[in-house]
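Structure record follows, encoded as structure tokens.
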Amino acid sequence: MSDAADIRPLTARIDAAGGFVDLESYERAGGYQALRQAVTGMSPKEVQETVKQANLRGRGGAGFPTGVKWSFVPMAAEGEAEGVKYAICNADEMEPGTFKDRYLLENDPHLLVEGLLLAAYAIQASQAYVFLRGEYHLAARRLLEAMQQARSRNYAGANVLGSGYSVEIGLHRSGGRYICGEETALLNALEGRRAQPRARPPFPPASGAWGRPSVVNNVETLCNVPAILRNGADWYLRLGRGEDAGTKMFGVSGRVRAPGLWELPMGTPIREILEDHAGGMLDGYRFRGLLPGGASTDFLVDEHLDLPMDYAAIAKAGSRLGTGTMIVMDDSVCPVDLSRNLQHFFAQESCGFCTPCREGLPWLERVLADIEEGRGEDGDLELLDQNARFIGVPGNTFCVHATGAIEPLASALKYFREDFEAHIRERRCPYGEGR
Amino acid sequence: MHEQLINPLSQEEIDAIEAEAAHLPERRSAAIEALRIVQEKRGWVSDESLAAIARQLDMSPDALDAIATFYNLIFRKPVGRHVIMVCDSVSCYILGCDRVKRALEARLGIGAGETTADGRFTLLPIVCLGACDRAPALMIGDRLYGNVNADDLGEVLDGHE
Ligand SMILES: Cc1cc2nc3c(=O)[nH]c(=O)nc-3n(C[C@H](O)[C@H](O)[C@H](O)COP(=O)(O)O)c2cc1C
Ligand code: SF4
Ligand code: FES
């Protein structure tokens, strides 16, 4: 057990239990020791510093260094009381192709609860929330039970483990909308408002939920924190195979032999994930490309398969590590129709606040539908290129939802150009109709 | 539906809403929870329920409706006893969710967004359900189904009366 936990801090317990890890199993495997150690023996700054040293980066898609984010939260001066602050877990997981947080929440809810309580302690939050996707019913039941147990064991509540630190923990179940996952929109949703992104600055660590200092972290990010505190930053740094620290939940969906989810060292090469873990392509299907980290990341193709799944390496190839759950496109899938499917999602989920996103994304969807259905014209692709470029520039829209929408489209236009051209030339979809 | 005209919120619903509002900095922050609480028992949020919830949270019905209509999981129209949500996002698209959707439409005799005449099922599209390794996926009520076979829907539909 301890050996596996040393190399797979997120999932070794789940594997040993064969699924759901209850409180007893979690504690037997050393659970809540990190919390005890932190609240009774470390200052909040020391916790922040350890996480910073470990170079833990956000697993929600943007990869921002977690310890650094925490260090932006204003702390009370020595001897002064802390005001109201919030530690918030982003468990909205609506990025198409992403199925990692659900697995962690359903199978090891105490790991997330402990990670969130540690984040709360590090910034001296008085309240912790999990913002959970509304459709995740099993995760909701398990989290509510885990929170109740954490309270009854005094891991949460007043005077945690006799340390003098107090924190409440609660669950918010989302009303459902992709934009809720954007951290400032999430704050509005948590406050019971429409989930529209907020202007920045101020950033959440300065002014977040109800105008108070807040940090928002992804489920998987927080699940890394207990082991970092128990085993130390150096151990965590060594877990990665390349430049980045730690392990990552990597997933593969699409026409592969064994779609699934695995905790592997950061920097594991794409090919190894696809072949050794996902079993390669299903018989009769050829690999065309993949979205490495969810729907809002740029396509990668054959020439990229030997790249390590590292933040920098994937960025250098023009894409993003994103959520680390890859979507494989095989040769039976029409890249134009797939692009239409993606733009349909992004158009539908636009919050409607700014024009290039509200008007531009449905326009892209319509043009793609026209091309797919044989109504494409010469010049359409140049127009798509141009508009994609305009909508995709981060400053042109209020949040990066639109930027994310353009990533898979601009890269599809680049790598699968011939498919787009064939649709226009032949005035039909060469892949045939009706999937 | 008539019962709601006479008695917009039950004591149980009021208690549950108050319990949520109690630990929030502003009463109105409980809006989404309150809508969920009421929808849980009634299946959807009628105008009468909406007005009653708004009163309970000291806000205007219009303000609450702007919130209710923003979110996908709050239903402002009646739905069937079971809501079928078929994932139409990218991994499920690759693995044939359109066939699943067409098969369901044919079998139930309704299109997306509609409810069967017997009030048994409502069919809705939904974005990625976080079950992409088991695509195509759908949910009925609280239950998730993966690796759905468009040619054998009995397996998922049976048992939902
Ligand atoms: C449109 C949009 C949707 C997002 N959805 C999620 C999500 O579902 N879960 C998540 O953790 N982060 C999501 N993010 C990223 C968050 O804004 C934020 O960066 C993240 O929660 C920070 O946590 P981390 O630093 O631990 O990754 C989304 C961002 C955007 C722009
Ligand atoms: S970019 Fe889109 S999602 Fe973001 S604020 Fe503008 S309209 Fe809303
Ligand atoms: S794309 Fe359908 S469950 Fe993820």
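Can you sort A:E135, B:E12 so the residue with the fewest Cβ neighbours within 10 Å comes first?
Details: A:E135 26, B:E12 10.
Ranked by crowding around the Cβ, least crowded first: B:E12, A:E135.
Between A:D370 and B:E105, what FRET efficiency follows from the Cβ-Cβ distance if R0 is 25 Å, with the result rounded to 0.05? Calculated transfer efficiency: 0.55.
Pair-distance distribution of the stretch A:127-243: all C-alpha pairs, bin width 10 Å, starting at 0; shares per bin in whole percent are 12, 33, 34, 20, 1.
Rg(Cα) of the protein assembly as shown divided by 2.2 N^0.38 Å?
Details: Rg = 23.8 Å, N = 596, 2.2 N^0.38 = 24.9 Å.
Its radius of gyration relative to the 2.2 N^0.38 Å reference: 0.95.
Measuring max minus min along each principal axis, the C-alpha atoms of the stretch A:330-373 give extents of 37, 18, 11 Å (largest first).
Assuming charge only on the beta carbon of Lys and Arg (+1) and of Asp and Glu (-1), the dipole of chain A about its Cα centre is about 1120 debye to the nearest 20.
Cross-link reach is defined here as a Cα-Cα straight distance under 15 Å, omitting same-chain residues fewer than 8 places apart; for A:K85 the aspartates and glutamates meeting it are A:E168, A:E191.
Spin-label model, B:E40/B:A22: points 7 Å from Cα along the beta carbon direction are separated by 1.5 nm.
Hey, got the average number of other protein chain Cβ atoms within 10 angstrom for residues in A:132-138?
Numbers: counts 0, 4, 6, 13, 4, 5, 3.
Shielding by partners across A:132-138 averages 5.
If the label point is 7 Å along Cα→Cβ of B:Q11, which residues in the stretch B:40-65 have backbone nitrogen under 20 Å from it? Taking a point 7 Å out along Cα→Cβ of B:Q11, the residues of the stretch B:40-65 whose backbone N falls under 20 Å are B:41-42, B:52-53, B:56-57. Distance between the 7 Å Cα→Cβ label points at A:S207 and B:S60: 2.5 nm. For A:M326, the amide hydrogen comes within under 5 Å of the amide hydrogens of A:G251, A:V252, A:S253, counting only partners 5 or more places away or on other chains and with H modelled in the peptide plane. DSSP bridge analysis restricted to chain B gives an antiparallel fraction near 55%, rounded to the nearest 5. In terms of surrounding Cβ atoms within a 10 Å radius of their Cβ, A:Y431, A:Y165 rank from fewest to most as A:Y431, A:Y165. Within a straight-line Cα-Cα reach of under 20 Å, A:K100 can be paired with the following lysines, leaving aside sequence neighbours fewer than 8 residues apart in one chain: A:K248.
Neighbouring Cβ atoms from other chains, within 10 Å of the Cβ of residues in A:287-294, number 1 on average. Of all the Cα-Cα pairs you can form in the stretch A:1-143, what percent are over 25 Å apart? Cα-Cα pairs in the stretch A:1-143 separated by more than 25 Å: 31 percent.
When Rg and the Kirkwood radius Rh are both evaluated on Cα atoms of the stretch A:62-155, their ratio Rg/Rh stands at 1.01. Counting, for every residue in B:62-70, the Cβ atoms of other protein chains within 10 Å of its Cβ and taking the mean gives 3.
Counting every other Cβ atom within 10 Å of each residue's Cβ, A:L274, A:L342, A:L222 order from fewest to most as A:L274, A:L342, A:L222.
To the nearest 20 debye, what charge dipole does the stretch A:9-126 have about its Cα centre, counting +1 at the Cβ of each Lys and Arg and -1 at the Cβ of each Asp and Glu? Don't skip to the answer; put the middle values down first.
Values: 11 positive and 16 negative charges, 68 e Å.
Charge dipole of the stretch A:9-126: 320 debye, to the nearest 20.
Think of the protein assembly as shown as having a plus end and a minus end, set by charges on the Cβ of Lys, Arg, Asp and Glu; of B:L24, A:A77, A:Q196, A:A77 sits farthest toward the positive end of this dipole.
When the dipole is taken about the Cα centre of chain B, and only Lys, Arg (+1) and Asp, Glu (-1) are charged at their Cβ, what size is it in debye, to the nearest 20? Provide the component values of the computation, followed by the final result.
Numbers: 16 positive and 26 negative charges, 77 e Å.
I would put it at about 360 debye.
A simple rule links phi to the HN-Hα coupling: the Karplus curve 6.51 cos²θ - 1.76 cosθ + 1.60 with θ = phi - 60°, which for the stretch B:112-123 gives 4, x, 9, 10, 5, 4, 7, x, 7, 10, 10, 10 Hz, with x for Gly and Pro.
Would you list the membrane-span-like helices of chain A, meaning whole DSSP H runs whose alpha-carbon atoms span at least 20 Å along their axis and whose mean Kyte-Doolittle value is at least 0.0?
On the way: long enough: A:109-123 (22 Å, 1.54); A:137-152 (23 Å, -0.47); A:335-349 (21 Å, -0.56); A:355-372 (25 Å, -0.21); A:401-415 (22 Å, 0.26).
In chain A, the long hydrophobic H runs are A:109-123, A:401-415.
Between A:L117, A:S166, A:Y103, the Cα set farthest toward the positive side of the dipole of the stretch A:88-166 (charges on each charged residue's Cβ, about the Cα centre) is that of A:S166.
The stretch A:181-200 and the stretch B:38-104 have Cα centres separated by 20 Å.
Computed with the Debye formula from one identical point scatterer per Cα of the stretch B:7-141, without solvent, the log10 of I(q)/I(0) at q = 0.09, 0.11, 0.19 Å⁻¹ comes to -0.34, -0.49, -1.01.
If R₀ is 22 angstrom, what is the calculated FRET efficiency for the pair A:L383 and A:R428, using the beta carbon separation as r and rounding to 0.05? Don't skip to the answer; put the middle values down first.
Numbers: r = 20 Å, r/R0 = 0.92.
Calculated transfer efficiency: 0.65.
Counting only DSSP beta bridges with both residues in the protein assembly as shown, tell me the antiparallel percent, nearest 5. Before the final figure, lay out the partial values.
On the way: 22 of 49 bridges.
Percentage antiparallel, nearest 5: 45.
Cross-link partners for B:K77 among the lysines, with Cα-Cα distance under 18 Å and sequence neighbours closer than 8 places in the same chain left out: B:K41.
We did not get these values from a lab; they are worked out from the coordinates using the rules stated. Worth saying up front: this structure is predicted, and the values here are computed from it rather than measured. Heads up, the Cβs are rebuilt from the backbone with ideal geometry, glycines too, and the neighbour counts pull from every protein chain shown.
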